[in-house]
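**Q** Pasting a structure here, questions to come.
Every number here is computed from the coordinates shown, using simple stated rules; none is lab data. As the structure is a prediction and not an experimental result, all values here were calculated from the model. Note that each Cβ is placed from the backbone with ideal geometry, even for glycine, and that neighbours are counted across all protein chains shown.
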Amino acid sequence: MSNAFTDLLAEKGTLLADGATGTNLFNMGLMSGDAPELWNTDEPAKITKLYRFAVDSGSDLFLTNSFGANAARLKLHDAQNRVHELSRVSAELAREVADTAERKVIVAGSVGPTGEIMEPVGTLSHSLAVEMFHETADGLKTGGADIGWLETISAPEEYRAAAEGFQLAGLPWCGTMSFDTAGRTMMGLTSEGMVDLVHGLDNMPLAYGANCGTGASDLLRTVLGFAAKNGTLPIISKGNAGIPKYVEGHIHYDGTPELMARYAVMARNAGASIIGGCCGTLPEHLVAMREALDSTEKGPAPTLEQIREEIGDFSSESDGTDGQGPTRAPRRGRRRG
């Protein structure tokens, strides 16, 4: 199926996605505990500024401010009846930014997890999860999003429900999961398992991959795991800008622009064709990533030792695919960059 996303990927070969949403909004004054999605109507100029950060830094694709725009999450702010509105407005603001850019830029409608645990472990039914995802996806489509962008998912059941929700809305989509537990998602899925999952869906995503997690090194190892399965879909790599640390009461990510530039090149070499940043990734990181991707030819896939030397230690020895339980990696010197 041809659409704006697949056409641009075919034209360019590699797409630079955007950086952090939360980190940048906190820098604009968002307070911890506030719902970022409410800023779509309360602070539209700041959300437009967030989007322009990505476009001005060279991103080919940016996500809307709608990560938590679902009934379960917005209920915490007594805004559960505003899901469609807040999703729609997030995409409308994004559409205006993309349409006034001097080049083709893709609007990707961000869809995060519901925050609930699905049956049989939890109480969220499949049908209700599909309904939640459908409502968000329909709002994003109405607002003009080119694609939906599922992210930070841990449970295969929730990934499947989202796929159905996008299908009901008629919105093509991409989807990433977060591998943050010794190479696995919180619910135990490995990189190999995710490849099997996405290729077995009736409504397959346009691309799949990983975002967030523990650090860029771990995420690169996960991308190598995707590539080793030789799937048929493009791979997404959206890693955090280093490791979070508390500095003077605030979370700070220690990844420099130089480190993220090396990460971007390694992600492409590892097999990813849509590359961006997640938590902690600021405009200056994106600028360095853009320059690195544009000035460096694609090379061979990195070894684990090269990733460790260039980006930093892994948080665990296992990538989750060897059947071993979680183990911490031994320290091998200080992080570079």
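**Q** Please sort 32-38, 76-82 by packing, taking for each peptide the average over its residues of neighbouring beta carbons within 10 angstrom, highest first.
**A** Details: 32-38: 16.6, 76-82: 14.0.
Highest mean packing first, the order is 32-38, 76-82.
**Q** If neighbour count is taken as other Cβ atoms inside 10 Å, put PHE5, PHE166, PHE133, PHE26 in order from fewest to most. Walk me through the intermediate numbers first.
**A** Working: PHE5 24, PHE166 30, PHE133 27, PHE26 16.
Ordered from fewest to most neighbouring Cβ atoms within 10 Å, PHE5, PHE166, PHE133, PHE26 come out as PHE26, PHE5, PHE133, PHE166.
**Q** Also: Leaving out same-chain residues fewer than 8 places away, which lysines sit with a Cα under 25 Å from that of LYS141?
**A** Once the sequence-local lysines are set aside, what remains near LYS141 is LYS12, LYS46, LYS49, LYS75, LYS104, LYS238.
**Q** Give me the log10 of I(q) over I(0) for the chain at q = 0.13, 0.14, 0.15 Å⁻¹, as the Debye formula computes it from C-alpha points; what are the numbers?
**A** Result of the Debye calculation: -0.93, -1.10, -1.28.
**Q** Next up: Given springs between every Cα pair under 10 Å in a Gaussian network model of the chain, which of VAL111, VAL223, VAL121 has the largest fluctuation?
**A** With Cα springs under 10 Å in the chain, the top fluctuation among VAL111, VAL223, VAL121 is at VAL121.
**Q** Going by average Cβ density within 10 Å per residue, which order do the peptides 229-236, 213-220 take, highest to lowest?
**A** On the way: 229-236: 17.1, 213-220: 26.5.
The packing order, highest mean first, is 213-220, 229-236.
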